[in-house]
Every structure is written in structure tokens, then in C-alpha cells.
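Participant: Just passing along the structure, written as C-alpha cells.
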Amino acid sequence: MRPEPIFSTQIEALPVEVFQSNAELGQAAAQDAAQIILQAIDERRAANIILATGNSQLTFLESLRHLQDIDWSRVHIFHMDEYLNLPPDHPASFPRFLHRHFLHHLRPPAGAFYPVPSRGAPPEQICWEYARLLREHPADLCALGYGENGHLAFNDPPYADFDDPAWVKVVRLDQASRRQQVGEGHFPDLDSVPTHAITLTIPALLAARRVLAIVPEARKAVAVQRALFGPIEPECPGSILRRAAHARLYLDRDSAALAFPHTTLSEMQP
């Protein structure tokens, strides 16, 4: 059974649900994602999905991989970003993260996994070829999150481009993004974090038929507040979702605490 939100609203075009816990948020988002995937398989016998990585996605990925009614052999899986020139066996590699926390658990295995290459060809060629793959496999689902600075994938403020003509590009990482990777335990210190990455752009992410924004944890509360109630601008890339009627935002108590001060934690009913 899908967990019930303790609070729900809509901010401009964006439906928002707040759940009692990170675990319930992950379960609800996973069940909604499953319905999107199953519908695509029913309509076209295949589904294409884009997944985010990072610690905030763990409850969602764990819940999704345990659902029994998805034929994963009919699902093509993409992801959003990778550090430039990072060895594929590095502990912080995003494809490695997905293998560890998701792909290795699927039964049957996924029909295809298309990792963003970090090296092996000129970056411009990597970007062009990955964009071509995305256009050849139009996404049914994009499951993403907000960074602590409000970024979507590695589209960091203030350089995120809501009308970017490219679908995949090389970006210089904001210091806040690099500090977040240290804080999540993926690198020992800031100097170890790469300065550049390859990322899907915001138009590529929003080109999916459905977008699920999965944003738990207190460390995301400031970004959530800005994304929902600040200006829609590249200074907070997540704010663009307020114009995306095909998106839905999932919060837990901690990430919602600043965005909805009129609805205190004590007033939110379990």
C-alpha cells in the first residue's frame, strides 16, 4: 500500500507531498515510478528511465528494486552525471553507485544500462554520443533530487540554463556541490573532489514524460524553501520545477520544515 502523505499542496504547476519519514517518501515515490514504468511497458513493451544518484535517493532506489511486478529486462536505464576523468572503479563513481545500490539487485537484470562515460574519448564526443542515446530512447521517467544548493543533476547555480540548447555538457562544479560530496562521504576532502563533470542539462531532464523529484533530509530544507517560494531563476535551479506540470515533488518532515512553517511538525499528522 502506498504511504499516505501527511501534507500535500500545489505550488504553481508542481504538486507537492510531504511524508512522515524518508522511508515512506521512498516507498511512495517508488510505487509511483513503478506505475509509470509499467504503463510504458504496456504501451510500447519497453521503458526508458533516468535515475539520480546520491545518498538522498537510497530509500527510493531500495524500494523500487524490491517491487516484484516490473520486468526489468524491458527497462533501459540512464543516469544524470559523472565526474570528468574519474576512474570507473573510484568509490565516488556514479555508475558504480547505481550498480551497488540498484542494478545488482534487479531480477531479471535491466535490459540495458547506459552509464555516462567519464573518460576514454574527448568530452565533446562523450556529450554528443550520450545526447544521441537519450534522443533515441525518449525517457518515460526522470527521478531526480535537489542538491543542497538547489542544483538539478550538476546544473549548479548561477550557471544553470533553463533553455540550454545542449542536452549533455561539461560543467565546472560549484563549491557547494563539491562540499556536499565530501559531506556525503564520497571523498575525503574538498581537494579530492573533481572540479568538472559531465551532466544532463535541465531541458534533457525535463524532456521526460514524468519527473519525480525526491528530496528528503534536513540538509535539503533551505534548497526546498528557495525552490518553492523564491524566484524561478538559475540561482536555484530546482525552482524551474514549479513550471513543470508533469513533475511531482516528494518531501519528508525534515526537508519540508522551512518551506511550510505555517504547518509545524507537531501539526503534521502521522
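FYI, it's all coordinate maths here, none of it is from the lab. The structure displayed is predicted, hence computed values, not measured ones. Reconstructed Cβ throughout: ideal geometry from the backbone, glycine too, with neighbour counts over all protein chains shown.
Participant: Take the residues in region 163-177 that are within 19 Å of HIS79 (Cα to Cα) and touching a helix residue (DSSP H, G or I) at 6+ places or on another chain (Cβ under 8 Å); name whichever of them is surrounded by the most Cβ atoms within 10 Å (Cβ to Cβ).
Facilitator: Looking at residues that are within 19 Å of HIS79 (Cα to Cα) and touching a helix residue (DSSP H, G or I) at 6+ places or on another chain (Cβ under 8 Å), I get VAL168.
Participant: Looking only at region 148-167, count every residue that is part of a loop (DSSP other than H, G, I, E, B), within 20 Å of ILE49 (Cα to Cα) and touching an Asp or Glu at 6+ places or on another chain (Cβ under 9 Å) and tell me the total.
Facilitator: In the first step, residues of region 148-167 are kept if they are part of a loop (DSSP other than H, G, I, E, B); the result is 148-151, 153-154, 156-167.
From what's left, within 20 Å of ILE49 (Cα to Cα): 151, 153-154, 166-167.
Now drop any that are not touching an Asp or Glu at 6+ places or on another chain (Cβ under 9 Å), which leaves 151, 153-154.
Counting residues in region 148-167 that are part of a loop (DSSP other than H, G, I, E, B), within 20 Å of ILE49 (Cα to Cα) and touching an Asp or Glu at 6+ places or on another chain (Cβ under 9 Å) gives 3.
Participant: Could you tell me whether SER177 is part of a loop (DSSP other than H, G, I, E, B) and of a type in the set (S, T, N, Q)? Steps first, answer last, please.
Facilitator: Values: part of a loop (DSSP other than H, G, I, E, B): no; of a type in the set (S, T, N, Q): yes.
In short, no.
Participant: With the condition kept exactly as written, say whether any residue in region 62-72 is in a helix (DSSP H, G or I) and touching a Pro at 6+ places or on another chain (Cβ under 9 Å). Before you say what the answer is, go through the steps one by one.
Facilitator: Taking region 62-72 first, the residues in a helix (DSSP H, G or I) are 62-65, 72.
The next check asks that each one be touching a Pro at 6+ places or on another chain (Cβ under 9 Å); those that pass are 72.
Yes, some residue in region 62-72 is in a helix (DSSP H, G or I) and touching a Pro at 6+ places or on another chain (Cβ under 9 Å).
Participant: Give region 116-131 a look and list any residue that's in contact with a strand residue (DSSP E or B) (Cβ under 9 Å, 6 or more places away or on another chain) and either in contact (Cβ under 8 Å) with a residue 60 or more places away in the chain or of a type outside the set (A, V, I, L, M, F, W, C) (or both), or say none. Spell out the reasoning first.
Facilitator: Start the filter on region 116-131 by keeping residues that are in contact with a strand residue (DSSP E or B) (Cβ under 9 Å, 6 or more places away or on another chain), which leaves 116-118, 123-124, 126-131.
Answer for region 116-131, where residues must be in contact with a strand residue (DSSP E or B) (Cβ under 9 Å, 6 or more places away or on another chain) and either in contact (Cβ under 8 Å) with a residue 60 or more places away in the chain or of a type outside the set (A, V, I, L, M, F, W, C) (or both): VAL116, PRO117, SER118, PRO123, GLU124, ILE126, CYS127, GLU129, TYR130, ALA131.
Participant: Which residue pairs have Cβ atoms under 9 Å apart, sit 6 or more places apart or on different chains, and have a first residue in region 241-258 that is touching a residue at least 60 places away in the same chain (Cβ under 8 Å) and surrounded by fewer than 24 Cβ atoms within 10 Å (Cβ to Cβ) and a second that is β-branched (Val, Ile, Thr) and part of a strand (DSSP E or B)?
Facilitator: Close Cβ pairs satisfying both conditions: ARG242/ILE11; ALA244/VAL211; ALA247/VAL211; ARG248/VAL16; ARG248/VAL211; ARG253/VAL18.
Participant: Within the group VAL182, VAL171, which residue is without any contact (Cβ under 8 Å) to a residue 40 or more places away in the chain and either within 16 Å of the chain's Cα centre (by Cα) or under 17 Å from ALA52 (Cβ atoms) (or both)? Break it down stepwise before answering.
Facilitator: Numbers: VAL182 fails: either within 16 Å of the chain's Cα centre (by Cα) or under 17 Å from ALA52 (Cβ atoms) (or both).
The match here is VAL171.
Participant: Can I ask one more? If you go through region 10-19, how many residues are touching a residue at least 12 places away in the same chain (Cβ under 8 Å) and surrounded by fewer than 17 Cβ atoms within 10 Å (Cβ to Cβ)? Before the answer, list the steps.
Facilitator: If we filter region 10-19 for residues that are touching a residue at least 12 places away in the same chain (Cβ under 8 Å), which is where we start, we get 11-19.
Then drop every residue that is not surrounded by fewer than 17 Cβ atoms within 10 Å (Cβ to Cβ), which leaves 11-13, 15.
Residues in region 10-19 being touching a residue at least 12 places away in the same chain (Cβ under 8 Å) and surrounded by fewer than 17 Cβ atoms within 10 Å (Cβ to Cβ): 4 in total.
Participant: Restricting region 230-262 to residues that are among the small types (Gly, Ala, Ser), part of a helix (DSSP H, G or I) and within 14 Å of PHE7 (Cα to Cα), which is nearest to the chain's Cα centre (by Cα)? Reasoning before the result, please.
Facilitator: At the first step, the residues of region 230-262 found to be among the small types (Gly, Ala, Ser) are 230, 238-239, 244-245, 247, 255-257, 259.
Checking the rest, the ones that are also part of a helix (DSSP H, G or I) come to 238-239, 255-256.
Those still in the list that are within 14 Å of PHE7 (Cα to Cα) too: 255-256.
On the way: SER255: 15, ALA256: 17 Å.
My answer is SER255.
Participant: Still on this structure, I have one more. Could you say whether any residue in region 125-145 is polar (S, T, N, Q) and buried (at least 20 other Cβ atoms within 10 Å of the Cβ)? Can you show your working first?
Facilitator: Taking region 125-145 as the starting set, the residues that turn out to be polar (S, T, N, Q) are 125.
The next check asks that each one be buried (at least 20 other Cβ atoms within 10 Å of the Cβ); those that pass are none.
No, every residue in region 125-145 fails to be polar (S, T, N, Q) and buried (at least 20 other Cβ atoms within 10 Å of the Cβ).
Participant: For region 28-78: of the residues being of a type in the set (Asp, Glu) and without any contact (Cβ under 8 Å) to a residue 60 or more places away in the chain, which is farthest from HIS137 (Cα to Cα)? Walk me through it before giving the result.
Facilitator: Applying the first criterion (of a type in the set (Asp, Glu)) to region 28-78 yields 32, 42-43, 62, 69, 71.
Next cut, without any contact (Cβ under 8 Å) to a residue 60 or more places away in the chain only: 42-43, 62, 69, 71.
Values: ASP42: 16, GLU43: 14, GLU62: 25, ASP69: 22, ASP71: 18 Å.
Only one residue fits best here, namely GLU62.
Participant: Does region 191-217 hold any residues that are of a type in the set (Val, Ile, Thr) and out of contact with any helix residue (DSSP H, G or I) (no Cβ under 8 Å at 6 or more places or on another chain), and which are they?
Facilitator: We begin by selecting, within region 191-217, every residue of a type in the set (Val, Ile, Thr); these are 193, 195, 198-199, 201-202, 211, 214-215.
Result: THR199, THR201.
Participant: A further question on this structure: Could you go through region 85-101 and let me know if any residue there is more than 25 Å from ILE232 (Cβ to Cβ), of a type in the set (Lys, Arg) and more than 19 Å from the chain's Cα centre (by Cα). Full working, then the answer.
Facilitator: Kept after step one, since they are more than 25 Å from ILE232 (Cβ to Cβ), are these residues of region 85-101: 85-101.
Subset that is of a type in the set (Lys, Arg): 96, 100.
Narrowing the set further to residues that are more than 19 Å from the chain's Cα centre (by Cα) leaves none.
Checking region 85-101: not a single residue is more than 25 Å from ILE232 (Cβ to Cβ), of a type in the set (Lys, Arg) and more than 19 Å from the chain's Cα centre (by Cα).
Participant: Does ALA208 fit the bill of being under 15 Å from HIS79 (Cα atoms), among the aliphatic types (A, V, I, L, M), surrounded by 24 or more Cβ atoms within 10 Å (Cβ to Cβ) and in contact with a Pro (Cβ under 9 Å, 6 or more places away or on another chain)? Please lay out each step first, then the result.
Facilitator: Details: under 15 Å from HIS79 (Cα atoms): yes; among the aliphatic types (A, V, I, L, M): yes; surrounded by 24 or more Cβ atoms within 10 Å (Cβ to Cβ): yes; in contact with a Pro (Cβ under 9 Å, 6 or more places away or on another chain): yes.
Judged against the criteria, ALA208 is a match.
Participant: Further question on the same structure: Output the residue which, of all residues in region 185-202 that are outside any loop (DSSP other than H, G, I, E, B), farther than 27 Å from LEU134 by Cα and not hydroxyl-bearing (Ser, Thr, Tyr), is farthest from the chain's Cα centre (by Cα).
Facilitator: Quick first cut of region 185-202, residues outside any loop (DSSP other than H, G, I, E, B) only: 190-192, 196-200, 202.
Right, trim to farther than 27 Å from LEU134 by Cα and you get 190-192.
Then drop every residue that is not not hydroxyl-bearing (Ser, Thr, Tyr), which leaves 190-191.
Details: LEU190: 23, ASP191: 25 Å.
Of everything passing the filter in region 185-202, ASP191 is farthest from the chain's Cα centre (by Cα).
Participant: If only one of SER8, SER21, SER56 is under 15 Å from the mean Cα position of the chain (by Cα) and not β-branched (Val, Ile, Thr), which one is it?
Facilitator: On the way: SER8 fails: under 15 Å from the mean Cα position of the chain (by Cα); SER21 fails: under 15 Å from the mean Cα position of the chain (by Cα).
Just one listed residue meets the conditions, SER56.
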